[in-house]
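Structure record follows, encoded as structure tokens.
The values are calculated or read from the model by the stated rules, or taken from the named source; none is laboratory data. All of these numbers come straight from a predicted model, not from anything done at the bench. Methodologically, a virtual Cβ is constructed for each residue, glycine included, from the backbone with ideal geometry; neighbour enumeration extends over all protein chains shown.
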């Protein structure tokens, strides 16, 4: 006897609830079901700068390629917005010339110490980008839209960036490990009719440079990472109320309520071990979100002892990572305080002469024009920017 496709479909629909009910009777089902139904929240982890110091003053060394200059151009405002005082390469050259010091960019301990004696306490940054090559790639992808076969043509432009960022303490000659700047960002255009034109080469390059500058900033500044973790919203034990507070941004309130939920949950009507584990789990997540990684780890391990599973293991891993990251950040802060103290002790008793830079513009028209010429010759500003700024300066005459 043949069976019609419609009957088969109805049979599958009738069978699905039976299979789900059978799966719900297994120990694994609770974790699987929770992963599908329980909400997630975001926690933020703050990393130490890649060089291990929280710095306040930097000077950029010579720029060898146009791509390196573009990276420095995008990196500089990121540093300035974070409160770091920045001296660009032309300004550094002016400062060194006043001290009759010549520096070509070749780093040795002797040259580094001479630089440290010539300018205020500073970390010298060398950005080297050897390659900004671009590669074109054309392909297509097939998919179904409303039960119809659709082919999408893709034209992708990949920018291969290869370089390094290196930092040196000028007061001590300490050289940090080179920070890699190797990235392959891509821009693409799409069409369902024919192979589209490739994205603009200039746009793709600028997009790549912006991304590289952002990565480079992680070597010099603290940076944050967002992670998504589960947070239980069970009706039992008031866990849903704690979740609402967390989602509204009142994490401290969510922690307090979660902590208050733990004890009553032990005698809550119809509450199970699972609910008690969830109550402790929420406490740990709130502690993690409030940058209390050790307390979070202890609490999550208590939750695991009551009712384990991949969700709590995932949260414990996040807490362990947060504990390590927090320790690295605190060490960077301590090292920075020691570094600043050493620099203050070595600072000259007489005030240093004013040094032109991005944070302190030259006062005279002559100095401003010289600095503008230096920026243009280094390729850090365009001809249009140069002409506009020059006209603005000359107005002051």
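Annotations
- Residue check, residue 138 more than 21 Å from residue 63 (Cβ to Cβ) and at pLDDT 95 or above: yes
- Residue within segment 100-120 that is modelled with pLDDT of 70 or more and either surrounded by fewer than 21 Cβ atoms within 10 Å (Cβ to Cβ) or under 30 Å from residue 330 (Cβ atoms) (or both) present: no
- Filter pass, residue 277 being within 30 Å of residue 65 (Cβ to Cβ), at pLDDT below 95 and not in a strand (DSSP E or B): no
- When the test is whether a residue is over 14 Å from residue 227 (Cβ atoms) and assigned to a helix (DSSP H, G or I), residue 288 does not pass it.
- Check on residue 274, in contact (Cβ under 8 Å) with a residue 60 or more places away in the chain, surrounded by fewer than 24 Cβ atoms within 10 Å (Cβ to Cβ) and more than 15 Å from residue 41 (Cα to Cα): yes
- Any hit, segment 173-182, residues being out of contact with any helix residue (DSSP H, G or I) (no Cβ under 7 Å at 6 or more places or on another chain) and at pLDDT 90 or above: yes
- Any hit, segment 139-157, residues being over 20 Å from residue 87 (Cα atoms), buried (at least 18 other Cβ atoms within 10 Å of the Cβ) and in the same structural domain as residue 72 (by TED's automatic domain parsing): yes
- The condition of being farther than 30 Å from residue 242 by Cβ, outside any loop (DSSP other than H, G, I, E, B) and modelled with pLDDT of 80 or more holds for only one of 41, 72, that being 72.
- Residues of segment 305-315 classified as in a helix (DSSP H, G or I) and crowded, with 19+ Cβ neighbours inside 10 Å, total: 3
- Number of positions in segment 186-244 that are without any contact (Cβ under 8 Å) to a residue 60 or more places away in the chain and part of a strand (DSSP E or B): 6
- Near pairs, Cβ below 6 angstrom, 6+ apart or cross-chain, from segment 158-180 (not assigned by TED's automatic domain parsing to the domain that holds residue 54) to any residue that is at pLDDT 95 or above and in a strand (DSSP E or B): none
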